[in-house]
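What follows is one structure encoded as structure tokens, with my remarks underneath.
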Amino acid sequence: MTPALPAQLNGKTNSAPDLRSGGRRFELLRWTLTARPRRWPAQVPLLRSPPPPAPRAGEIVATWVGHSTFLLQTACGNRLTDPVFSDRASPLQWAGPRRVHPPGLAFAALPPVHRVLLSHDHSGQCDESTLRRLSAQTDPLFVAPLRPEPHQSHFSEEILL
């Protein structure tokens, strides 16, 4: 049995509220002018996870480590996406936003990493100190886009090659 579609998704009409109407615009403006943002927390408690189980043949075990970092495990090897294990997502470790909780999986608890996927050269996805630690630990293959724009790159060519 298939549940009925909501009225605004019935395929014939769109009954979603019109946000362009004057009243809605006024409500949005009032909210924008009077809203009081909450302070960003200095710390958020987070329980560390035990190391993920080893995958069986044909399985993929995906573990969110934190921020943009995922550990993907298969029977063929382990991969990390955009690894960030530093306290700050910044090219300068004394400036930039500080983590509000440690990574969900400690760096020391990582299994041997065979591949590292870097989506782009930005300090929130491409943490130089973590890349150096990974390189020294297991010498994984780094997979990254070709030729980052010179004005966007803040890492030495040595890291990108």
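The values are calculated or read from the model by the stated rules, or taken from the named source; none is laboratory data. Bear in mind that the values here come from a model prediction, so they are computed numbers and not experimental data. Heads up, the Cβs are rebuilt from the backbone with ideal geometry, glycines too, and the neighbour counts pull from every protein chain shown.
The rows are residues; the columns are (1) among the hydroxyl-bearing types (Ser, Thr, Tyr); (2) touching a Lys or Arg at 6+ places or on another chain (Cβ under 8 Å).
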| position | (1), (2) |
| --- | --- |
| 70 | no, no |
| 79 | no, yes |
| 83 | no, no |
| 90 | yes, no |
| 93 | no, no |
| 96 | no, yes |
| 105 | no, yes |
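Tell me which of these residue 80 doesn't satisfy, since it passes every other one: (1) modelled with pLDDT of 75 or more; (2) assigned to a loop (DSSP other than H, G, I, E, B).
Answer for residue 80: the failing condition is (2).
Go over the candidates 70, 107 one by one and state the one that is aromatic (Phe, Trp, Tyr) and under 16 Å from residue 135 (Cα atoms). Show your work before the answer.
Values: 70 fails: under 16 Å from residue 135 (Cα atoms).
Criteria check complete, one pass: 107.
Does residue 90 fit the bill of being surrounded by 15 or more Cβ atoms within 10 Å (Cβ to Cβ), farther than 21 Å from residue 137 by Cβ, touching a residue at least 24 places away in the same chain (Cβ under 8 Å) and touching a Gly at 6+ places or on another chain (Cβ under 7 Å)? Please lay out each step first, then the result.
Details: surrounded by 15 or more Cβ atoms within 10 Å (Cβ to Cβ): yes; farther than 21 Å from residue 137 by Cβ: yes; touching a residue at least 24 places away in the same chain (Cβ under 8 Å): yes; touching a Gly at 6+ places or on another chain (Cβ under 7 Å): yes.
The answer is yes for residue 90.
Spot the failing condition for residue 49; the list is (1) modelled with pLDDT under 80; (2) surrounded by fewer than 10 Cβ atoms within 10 Å (Cβ to Cβ); (3) within 30 Å of residue 76 (Cβ to Cβ), and only one is missed.
Looking at each condition in turn, residue 49 falls short on (2).
Which one is farthest from residue 78 (Cα to Cα) among residues in region 109-129 that are modelled with pLDDT of 90 or more and not in a loop (DSSP other than H, G, I, E, B)?
Taking the candidates together, the pick is 117.
Scan (1) under 17 Å from residue 64 (Cα atoms); (2) surrounded by 14 or more Cβ atoms within 10 Å (Cβ to Cβ); (3) among the aliphatic types (A, V, I, L, M) for the single condition residue 144 breaks and write down its number.
(1)
In region 70-93, which residue that is in contact with a strand residue (DSSP E or B) (Cβ under 8 Å, 6 or more places away or on another chain) and among the hydrophobic types (A, V, I, L, M, F, W, C) is farthest from residue 126 (Cα to Cα)?
72
Considering only region 52-77, how many residues are surrounded by 12 or more Cβ atoms within 10 Å (Cβ to Cβ), not small (Gly, Ala, Ser) and not in a strand (DSSP E or B)?
The total comes to 3.
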